[in-house]
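In what follows, a single structure is set out as structure tokens and then discussed.
The values are calculated or read from the model by the stated rules, or taken from the named source; none is laboratory data. Computed from a prediction, not measured in an experiment: that's the story for all the values here. Positions of Cβ are generated from backbone atoms using ideal geometry, with glycine treated the same way; all protein chains shown enter the neighbour counts. Surface areas here come from the heavy atoms of the whole protein model, side chains and all, with no ligands, DNA or RNA. Shrake-Rupley method; radii C 1.70, N 1.55, O 1.52, S 1.80 Å.
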Amino acid sequence: MKLTPGKLAGLKRVSNDRGVIAAAAMDQRGSLQKSLAKEKGGEISDAMMEDFKSIVTEVLTPHASAILLDPEWGLPASKRRAKNAGLLLAYEKTGYDKTGPGRLGDLLDHWSAKRLKEVGADCVKILLYYSPFDSKDINDKKHAWVERLGDECRANDIPFFLEFVGYEEGADEKGFEYSKKKPEIVIESMREFSKDRYGVDVLKVEIPVNMKFVEGSKVFAGQKAYGHKEAADLFLKAAKVATKPFIYLSAGVSNAEFTEALELATESGVKFNGVLCGRATWKDGIPIFAKQGPEAFRKWLQGEGVVNINNVNDRLKAATSWYSIYEQ
């Protein structure tokens, strides 16, 4: 496959010199605001959100190939990233429509792919809640939505990163029962959005298993959904259906859990192309920022946060370049 000049330049900008995407994620909005408010015991202002994102960006981007931010609170932070780091901007509103079924998303009212590019985005990222087991009507709406976004990114010659997060209505997505369905949800989502009709350039995907239910894992919670070999095989099965580059998201798990998942991906022989890792690097600093203030948070990040991101970077030595998929 050959990329257009703008897409190729954008992808190179968010990758390291090996063609691997080693990106930090700081586009959390609603969930971050709630977590900070809970720890602070009060409201979180716009200035505090901007400050949190700016400190994360400043401290972590010297160790990352890019940073993912949102245009609502993240634009001041984007100016404070290291020179080596590219910029991805989120285009969707935080959360989803809770008034009906299907967890339908929406785009930010005052933004477009063109406008994101104008403020410095190298790539556009969209989050989609998706289950291949939803009704045809719901998934048809989602497929059309992604097609429109793909066309918009094509028209503006900017790379399109699609992040899809699986779910099941009424289920606990972190629980044991869902963990048995998760591999198929991830696999079928990767298969669907690899299709050229969507115009996706990079798939941002979940780890296809829940490491807490992998027998013998360091974070094993006691209930077995999959044995070690079975889990490794599921990583490989998911990778084989993708015809586009894919990177793993950390989905709010601990640094130890995410790095162990990357080790299992490597062991299984998966040719993944990097990560977009957020909370696994900085979430333990939320109470420090909320209770002790920005400078204490900065110091924590310079210590623990940098250790966390370098733990992930160490596991990226096994990642492969997207150059092998897209002709240069």
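Could you calculate the contour length gain from Asn310 to Lys174, that is, 0.36 nm times the residue separation minus the distance between their Cα atoms, to one decimal place in nm? It would help to have the intermediate numbers written out before the result.
Details: separation 136, 0.36 × 136 = 48.96 nm, distance 2.60 nm.
Here the answer is 46.4 nm.
For Lys240, which aspartates and glutamates qualify as cross-link partners when the Cα separation must be under 20 Å and same-chain residues fewer than eight apart are set aside?
Glu163, Glu184, Glu188, Glu192, Asp196, Asp201, Glu206, Glu230, Glu263, Glu267, Glu327
Computed FRET efficiency, Cβ-Cβ of Ala144 and Lys218, R0 41 Å: what is it to the nearest 0.05?
After rounding to 0.05, the efficiency reads 0.45.
Determine the dipole magnitude for region 149-204: charges of +1 sit on the beta-carbon of Lys and Arg, -1 on that of Asp and Glu, nothing else is charged, the reference point is the Cα centre, and the result goes in debye to the nearest 20. Could you put the intermediate results ahead of the total?
Numbers: 9 positive and 14 negative charges, 42 e Å.
So the dipole magnitude of region 149-204 works out to roughly 200 debye.
Would region 149-308 count as rounded, prolate or oblate if I go by the C-alpha gyration tensor, calling it rounded below 1.5 in a/c and otherwise prolate when a/b exceeds b/c, oblate otherwise?
oblate
Spelling out what I want: for every residue of region 84-89, take phi, set θ = phi - 60°, compute 6.51 cos²θ - 1.76 cosθ + 1.60 (Karplus), and round to whole Hz; glycine and proline get x.
6, 9, x, 10, 10, 10
Using a 10 angstrom cutoff on alpha carbons, build the Gaussian network for the chain and name the most mobile of Gly222, Gly166, Gly105.
In the Gaussian network model the winner is Gly222.
If each residue of separation counts as 0.36 nm, what is the full-extension length gain between Gln302 and Glu39 once their alpha-carbon separation is subtracted? Present the calculation step by step, with values, prior to reporting the outcome.
On the way: separation 263, 0.36 × 263 = 94.68 nm, distance 2.09 nm.
Result for the pair: 92.6 nm of gain on full extension.
Can you tell me the convex hull volume per residue for the chain, based on C-alpha atoms, in Å³ to the nearest whole number?
Dividing the Cα hull volume of the chain by its residue count gives 129 Å³.
Pick out, from Val119, Val241, Phe289, the residue whose Cα sits farthest towards the positive end of the charge dipole of the chain, with +1 on the Cβ of Lys and Arg and -1 on the Cβ of Asp and Glu.
The residue sitting most towards the positive pole is Val119.
Using 7 Å Cα-to-Cβ label points, what is the His228/Glu263 separation (nm, one decimal)?
1.0
Quick check: the distance between the Cα centres of region 141-197 and region 54-107, to the nearest angstrom?
18
Between Thr99 and Asp157, what is the label-to-label distance in nm when each label sits 7 Å out along the Cα-to-Cβ direction?
With each label placed 7 Å out from Cα toward Cβ, I get 4.0 nm.
With contacts defined as alpha carbon pairs under 8 Å and 6 or more residues apart, what's the relative contact order of region 10-140 in percent? Don't jump to the answer; show the numbers that get you there.
Values: 204 pairs, mean separation 31.5, N = 131.
Relative contact order here is 24 percent.
Given a Förster radius of 41 Å and the C-beta distance between Ser254 and Lys114 as r, what FRET efficiency does 1/(1 + (r/R0)^6) yield to the nearest 0.05?
0.60
What is the spin-label model distance, in nm, from Val241 to Met1 if the labels are put 7 Å beyond Cα along the C-beta direction?
According to this spin-label approximation, the distance is 1.6 nm.
Using a probe of 1.4 angstrom, how much of the accessible area of the chain is carbon and sulfur, in percent?
Carbon with sulfur: 51 percent of the solvent-accessible area.
Can you tell me, using C-alpha contacts under 8 Å and at least 6 residues apart, the relative contact order of the chain as a whole percent?
It rounds to 20 percent for the chain.
Tally the DSSP beta bridges in the chain and give the antiparallel ones as a percent, rounded to 5.
Taking every DSSP beta bridge within the chain, about 5 percent pair in antiparallel fashion.
If you restrict to DSSP beta bridges whose two residues both lie in region 92-228, what percentage is antiparallel, to the nearest 5?
Roughly 10 percent of the beta bridges in region 92-228 run antiparallel, per DSSP.
Which whole-number percentage describes the relative contact order of region 87-182, with Cα contacts under 8 Å and a sequence gap of 6 or more?
On the way: 114 pairs, mean separation 27.3, N = 96.
28 percent.
Once R0 is set to 35 Å, what does the formula 1/(1 + (r/R0)^6) return for the Cβ-Cβ distance between Ser135 and Ala47, expressed as a FRET efficiency to the nearest 0.05?
Numbers: r = 43 Å, r/R0 = 1.22.
For R0 = 35 Å, the calculated efficiency reads 0.25.
With runs of 4+ DSSP H residues as the only contributors, calculate the mean residue ellipticity of the chain at 222 nm using -39,500 (n - 2.57) per run, divided by the residue total and rounded to the nearest 500.
About -12500 deg cm²/dmol.
Counting DSSP beta bridges with both partners in region 39-161, what percentage is antiparallel, nearest 5? Walk me through the intermediate numbers first.
Details: 1 of 10 bridges.
Antiparallel bridges: around 10 percent, rounded to the nearest 5.
Given a 1.4 angstrom probe, what's the average accessible area per residue across the chain, in square angstrom?
That works out to 42 Å² for each residue.
Of the cross-linked pairs Lys53/Lys283; Lys53/Lys291; Lys79/Lys117; Lys204/Lys224; Lys7/Lys244; Lys93/Lys182, which ones have a Cα-Cα span greater than 19 Å in the structure shown? Spell out each step's value before the answer.
Working: Lys53/Lys283 12 Å; Lys53/Lys291 16 Å; Lys79/Lys117 14 Å; Lys204/Lys224 26 Å; Lys7/Lys244 14 Å; Lys93/Lys182 25 Å.
Beyond 19 Å: Lys204/Lys224; Lys93/Lys182.
Using the eigenvalues of the Cα gyration tensor, what equivalent ellipsoid semi-axes result for region 26-120 when each is taken as the square root of five times the eigenvalue, whole Å, largest first?
Details: eigenvalues 106, 75, 24 Å².
Values for region 26-120, descending: 23, 19, 11 Å.
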